[in-house]
Each structure stands twice: as structure tokens, then as C-alpha cells.
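> Let me begin by handing over the structure; questions about it come next.
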Amino acid sequence: MGHLFKRGNVYWIKYYRNGKPYRESTKSKKEADAKRLLKRREGEVSEGKLPGVYFDRVRFDELAEGFLADYRINGKRSLVRAERSVQHLKTFFEGARVTNITSPAIQKYIEKRREQDAANATINRELAALKRMLNLGARQTPPKVDRVPFIPMLQENNVRKGFFEHGEFLALRDALPDHLKGFVTFGYKTGWRFSEIAGLTWNQIDLSQNTARLEAGETKNREGRTVWLDDEVKAVIQEQWEQRKKTNKLICYVFTNKDGDERTKDFRGAWKSACKKAGLGHRLFHDLRRTAVRNMVRAGVPERVAMTISGHKTRSVFERYNIVDEKDLQLAAERQHAYLESRLGTKPGTIVDLDKKRSQPNEG
């Protein structure tokens with residue numbers, strides 16, 4: 001059985017777990033507080049739980065390292081973003097006991113980040129990292145976290161708004177250097193990410209089947225996918241092959257730099273200049289991905305097929321790219337108007353005409 005004792009004016013408690021004695025300061029001068037803590041600790045022991053004093057020894061830094069180790073072990077592509085989130089969390093929680101990472105403390109962290117003008121989406125990524133590291137700690141044997149506190153998430157306005165109308169894309173492509181035109185055309189038609197296009201190799205192209213494929217593990221969601229090459233994209237690939245033969249540099253990448261001796265890398269300078277020349281203001285290469293999704297949906301491509309081509313794994317993410325603009329709304333209104341007008345028609349054989357005939361009494 002446990003008991004109380006004093007060190008100076010502060011009460012301490014002593015209790016046993018598996019025959020091992022535990023001594024813990026109550027940090028209080030009141031005997032009633034000490035009795036309550038002792039009763040709680042004995043209850044934890046009787047239920048087979050680790051006593052709370054064990055969790056008091058675990059610090060945020062230990063959980064953060066375990067979190068990043070999990071990213072490294074599993075080869076997650078978003079390691080850099082995770083490290084960035086941890087750095088922000090450290091400015092507030094570094095050295096903190098895990099038992100002091102409570103919902104009120106997290107609220108204060110959110111307030112601090114808002115004062116620093118951090119976007120809600122950025123704060124949410126950091127809170128998600130904190131929640132993940134706490135959950136990982138709770139799953140350890142023995143556990144490092146006894147309970148994961150409630151972590152409120154902020155509302156995000158995460159609808160992506162950048163896209164190209166077809167004429168804008170053509171103007172941009174015309175303003176780009178020749179060696180980049182095929183690259184952006186491929187992105188505009190397929191919706192592939194920049195890294196996926198830049199990393200495309202010739203052994204992933206099958207012109208006899210008119211396909212390009214990404215193997216499992218090469219994409220952001222780790223799932224492979226295949227796209228059909230239409231006539232324009234096929235012509236782009238064939239042009240890249242001819243350029244490869246002319247330079248006589250047998251590089252494995254489909255899209256290369258101007259000299260043809262290395263794969264295409266960052267071309268933000270050329271992109272920015274082309275956007276300015278085409279009068280498009282500030283645009284992102286990722287806008288081509290959003291545009292491809294919208295174009296496929298407008299063309300009547302089933303959403304499941306469009307998601308397979310673009311590589312969107314979840315519908316919630318896909319919907320952020322399927323942007324509706326004023327022209328979509330105008331088209332919807334025109335189609336509705338045409339439908340209602342058809343219901344008022346009296347042409348022989350129309351639904352309305354047949355309805356009228358059914359309502360008329362039979363002659364004779």
C-alpha cells in the first residue's frame with residue numbers, strides 16, 4: 001500500500017507497481033491533494049496501467065524524433081514538409097512534458113501562429129503532425145503517451161482557383177522556349193505533376209500501344225497509373241525522340257533541357273517570362289493540372305476515369321480541382337433553358353405532344 005510523506009512543506013507519495021517503489025512529488029502543501037494523487041496512481045496500477053509519473057518524463061522532443069523517424073523509415077515523400085512542421089511546433093513545445101500538451105496549450109499555439117499570419121492550411125498541417133506524433137507515442141510498447149488530447153482543426157478555404165482557358169494555354173506555350181513546349185503540352189493534356197513529367201523515362205513509353213505509365217512507388221500516392229496518348233501528345237513524344245537522335249545523347253529521360261544532356265529541371269524563370277509575355281500575370285505550373293481535370297469533366301469524361309488519369313486518390317482532393325467558373329454556370333443555365341423550352345414544344349412525337357394525345361378522349 002502507498003503512503004504519504006513530506007519533504008519540507010511539500011507532500012510526496014509512495015506506491016508500488018510490480019514490486020517496484022515509485023516516489024512522486026505532489027507539488028502541493030495540502031494533504032488532501034496528496035491523497036487524491038495517491039488514490040489516482042493506485043487506481044492506475046490496479047488497472048495494469050503505467051503510473052502517470054512515467055509519462056511526465058516523456059518530452060515533446062522525444063515524440064518529434066519518433067515522428068520524423070517514422071517518415072524516414074517509410075520513405076515518405078513529404079519528409080521535408082514534416083520537418084518544417086516540427087520546427088514550428090518546437091518554437092512552442094520544445095522541452096515540454098507530454099502531459100502538458102493539452103487542448104488549452106494547443107489553443108495557445110494556434111493563437112500564436114495566427115499572430116504570425118500563418119495560413120489556416122499551414123497551421124492544420126502542423127496540428128496534424130502533432131496529432132500523429134502523439135498517436136505514435138501512444139502505440140509504443142510501453143506507451144509514451146497515456147491519452148491524446150482533443151486537437152481542434154481550423155476551417156480551410158482550400159478550393160484551388162488557378163486554371164487556363166485553352167486560348168491562354170496556347171499563348172503561354174507559344175511564348176515558351178521550344179524545348180519546353182512539349183513538356184507543358186503533356187502537363188496540360190494529362191494533368192500529371194511536374195515531378196512526374198520531369199521523371200518520365202523512355203522505358204515508360206509504349207508508342208505501339210499509345211500509352212505512358214508511371215510505376216507503383218513513382219507517384220505521390222504510391223500507386224501506378226497509365227494514360228493514353230492522343231494524337232497531339234503522341235506527336236510530342238515522337239518529336240522528343242527525334243530530338244534525342246539528333247543530339248546523339250542517349251539520355252533516358254523523355255523531356256530534357258535545351259542541350260538534351262539532362263532531364264528538364266526547374267524552369268520558373270522561363271515560365272514567369274512566358275506568362276508575362278502572354279499577358280497572363282502570375283500563374284503556376286500546377287494550374288495545368290487543375291485545368292486538365294476541369295477539361296476532362298467538361299468533355300464528359302467520367303470522374304472515376306479522370307481521377308485515374310490525374311492520379312487523384314480521394315474524391316475530396318479531386319473536387320478541389322474540378323473548378324466551376326462563370327462559363328460553366330452559363331452553360332448550365334443555357335442547358336436548363338433549352339430543356340424547359342423543349343417541354344413547351346408541340347412538335348409531333350415530342351414528349352409534350354404525346355402527353356397531350358394521352359389526355360385527349362378517344363374519337364368514335
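Read-outs: derived from the displayed coordinates by stated rules, not from any lab. Note that the coordinates shown come from a computational prediction; the quantities given were computed from them, not determined experimentally. Using ideal geometry, Cβ is built from the backbone for each residue, glycine included, and neighbour counts are taken over all protein chains shown.
> Given the Cα-Cα distance of S195 and L170 and 0.36 nm per residue of separation, how much length would full extension add, in nm?
Numbers: separation 25, 0.36 × 25 = 9.00 nm, distance 2.21 nm.
Working it through step by step, the gained length comes to 6.8 nm.
> While we're on this one: Ratio of segment 3-56's C-alpha Rg to 2.2 N^0.38 Å, to two decimals?
Working: Rg = 10.7 Å, N = 54, 2.2 N^0.38 = 10.0 Å.
In units of the globular-protein estimate, segment 3-56 measures up at 1.07.
> Give, in nm to one decimal, the length gained when the segment between R81 and S46 is fully stretched (0.36 nm per residue of separation minus the Cα-Cα distance). Spell out each step's value before the answer.
Working: separation 35, 0.36 × 35 = 12.60 nm, distance 4.24 nm.
Gain on extension, R81 to S46, equals 8.4 nm.
> Hey, which of these cross-link pairs are over 18 Å Cα-Cα: K189/K246; K6/K35; K181/K258; K35/K144; K181/K265? Can you show the working numbers first?
Details: K189/K246 26 Å; K6/K35 13 Å; K181/K258 11 Å; K35/K144 25 Å; K181/K265 14 Å.
Beyond 18 Å between Cα atoms: K189/K246; K35/K144.
> Taking H placed 1.01 Å from N in the peptide plane, check which residues at least 5 places from T211 or on another chain put their amide H under 5 Å from its amide H.
Residues meeting the amide H criterion: D206, L229.
> Bin width 5 Å, alpha-carbon pairs only: give the P(r) of segment 166-321 as whole percents, running from 0 to the bin holding the largest distance.
1, 9, 18, 22, 21, 17, 9, 3, 0, 0
> Which order results if F267, F183 are arranged by neighbouring Cβ count within 10 Å, fewest first? All intermediate terms of the calculation are to be shown ahead of the outcome.
Numbers: F267 21, F183 24.
Result, fewest neighbours first: F267, F183.
> Here is a further query. At a Förster distance of 41 Å, what's the computed FRET efficiency of K276 paired with E62, Cβ-Cβ distance as r, to 0.05? List each step's numbers first, then the result.
Details: r = 50 Å, r/R0 = 1.21.
Using R0 = 41 Å, I get an efficiency of 0.25.
> Using the 10 angstrom Cβ neighbour count as an exposure proxy, how do L207, L214, L172 rank, fewest first? Mind showing how you got there, number by number?
Values: L207 13, L214 19, L172 23.
So the residues, fewest neighbours to most, are L207, L214, L172.
> Related question: Using modelled backbone amide H atoms (1.01 Å from N, in-plane), which distant-in-sequence or interchain residues come within less than 5 Å of S28's amide H?
Y11
> So, by mean Cβ neighbours within 10 angstrom, what's the order for 126-139, 75-88 with the highest one leading? Walk me through the numbers before you get to the answer.
On the way: 126-139: 18.6, 75-88: 15.3.
Result, highest mean Cβ count within 10 Å first: 126-139, 75-88.
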